[in-house]
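Colleague: Here it is, the structure, as structure tokens.
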Amino acid sequence: QYTEDQLVERLKNGSSSQEAFRELINQYKERLYWHIRNMVKDHDDTDDILQNTFLKVFKNIQQFKG
């Protein structure tokens, strides 16, 4: 398991970004799911928001400054 800083660096590194993205999802999906679910209350909507959140992270990680 990587630290948050290590994950961010690995996500920014093109050669290891897919593996790091899988690790990011594994580390945060359940906690983030329940955080969203507390606001949305619908399972399908929660899954959609969760997926969109992870996609935004992946697409915009280069602009993340920590």
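Colleague: If you wrap a convex hull around the Cα atoms of the chain, how much volume per residue is inside, in Å³?
Modeller: Hull volume over Cα atoms, normalised by residue count, gives 86 Å³.
Colleague: Given Cα pairs under 8 Å that are at least 6 residues apart, what percent is the relative contact order of the chain?
Modeller: For the chain, the relative contact order is 30 percent.
Colleague: Next question. Roughly how many Å² is the accessible area per residue of the chain, as a whole number, for a 1.4 Å probe?
Modeller: 78 Å²
Colleague: Ordering Glu19, Glu9 by accessible area with a probe of 1.4 Å, largest first, what comes out?
Modeller: Listed by decreasing accessible area, they come as Glu9, Glu19.
Colleague: Over the chain, what percent of the accessible surface lies on carbon and sulfur atoms, probe 1.4 Å?
Modeller: 49 percent
Colleague: Report the gain in length on full extension from Gln27 to Ser15: 0.36 nm times residue separation, minus Cα-Cα distance, nm rounded to one decimal.
Modeller: Length difference between fully extended and current span is 2.3 nm.
Colleague: Excluding residues fewer than 8 places away in the same chain, name every one of the lysines whose C-alpha is closer than 20 Å to that of Lys41.
Modeller: Lys29
Colleague: Let me ask something additional. Do any trypsin sites (Lys or Arg not before Pro) in segment 1-50 lie in a DSSP loop with no more than 16 other beta carbon atoms within 10 Å, and if so, which?
Modeller: Sparse-neighbourhood loop trypsin sites (Lys or Arg not before Pro): Lys41.
The values are calculated or read from the model by the stated rules, or taken from the named source; none is laboratory data. None of the values given here were measured: they were computed from a predicted structure. No Cβ is skipped: glycine too gets one built from the backbone with ideal geometry, and neighbour counts run over all protein chains shown. Protein only, heavy atoms only, side chains kept; ligands, DNA and RNA dropped before computing areas. Shrake-Rupley method; radii C 1.70, N 1.55, O 1.52, S 1.80 Å.
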